[in-house]
Amino acid sequence: MDIADDIAYSVHDIEDAIYGQHFSPLALDSEPEFKEVIKLAATEYAPEINEDNLNKALNSLIKQSWWVKSFTATQVDMAALKNMTSHLIGKFTEEIEQTTKAGNKAENFTRYNANLIVPLDTKAQIAVLKAVVNLFVMQRKGAAENYAKEQDLILNIVEGLQNSPQKLDPQFKHQFDNAGSSKEAKRAVIDQVASLTDSSARRLAQEFVG
């Protein structure tokens, strides 16, 4: 699941960053920002991969024909962004599938019959995507304050649902009522919170904090 999460989050976070216009792909034409992405990837996400390989990984991505070069939110641009997202997911999963099949002798790959093998280039490309999001989204002006507000909102919802479990959706209320421990009960609350959209989370928070 770790690599599946890595692919999903790295790809969709870069998609959201471009769509939200927090990150312009043209920014990577700047040598200082390109180098900062590589530095972040090396220190935060892939310390086991040397910077030369991370550099090659990012260069390889931005030279792909499907890599979005600019984004102005036109219909054509949005279609190109979705196309890039699809290519990234397909690229990473296909590379992992090929190396796993080549590196295992088992004919049946179900359960524990094989070891998942992630190529170095794939790891490096996922790492640089994470670093791009870190630099241009997580470190943007005002981001820390927004994250703090979001954390407070989530904590208020969790506390509110624990104190008022009748507000849980039916499936989570059933899970809460049948919990064998306080830990399991809290798990039901967390599962409910994880299922919320941004708008539904804000509405629910309003019920608890006014």
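Below are the figures for this structure:
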item: Odd one out for D5, checked against (1) in a helix (DSSP H, G or I); (2) loosely packed, with under 15 Cβ neighbours inside 10 Å; (3) at pLDDT 95 or above; (4) not aromatic (F, W, Y); result: (3)
item: Residues being under 22 Å from Q139 (Cα atoms), assigned to a loop (DSSP other than H, G, I, E, B) and within 21 Å of the chain's Cα centre (by Cα) - total across region 22-67; result: 5
item: Condition met for A42 (under 17 Å from Q125 (Cα atoms), out of contact with any Asp or Glu (no Cβ under 6 Å at 6 or more places or on another chain) and surrounded by 14 or more Cβ atoms within 10 Å (Cβ to Cβ)); result: no
item: Checking V158 against (1) of a type outside the set (D, E, K, R); (2) under 21 Å from the mean Cα position of the chain (by Cα); (3) modelled with pLDDT of 90 or more, the condition it does not meet; result: (2)
item: Unique residue being assigned by TED's automatic domain parsing to the domain that holds Y9 and touching a Leu at 6+ places or on another chain (Cβ under 8 Å) when the list is V128, V133, V76, V118; result: V128
item: Which listed residue is part of a loop (DSSP other than H, G, I, E, B), exposed (fewer than 15 other Cβ atoms within 10 Å of the Cβ) and among the small types (G, A, S), from A79, A73; result: A73
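The values are calculated or read from the model by the stated rules, or taken from the named source; none is laboratory data. The model shown is predicted, which means the values in this text are computed figures rather than measured ones. FYI the Cβ positions are ideal-geometry reconstructions off the backbone, even for glycines, and counts take in every protein chain you see.
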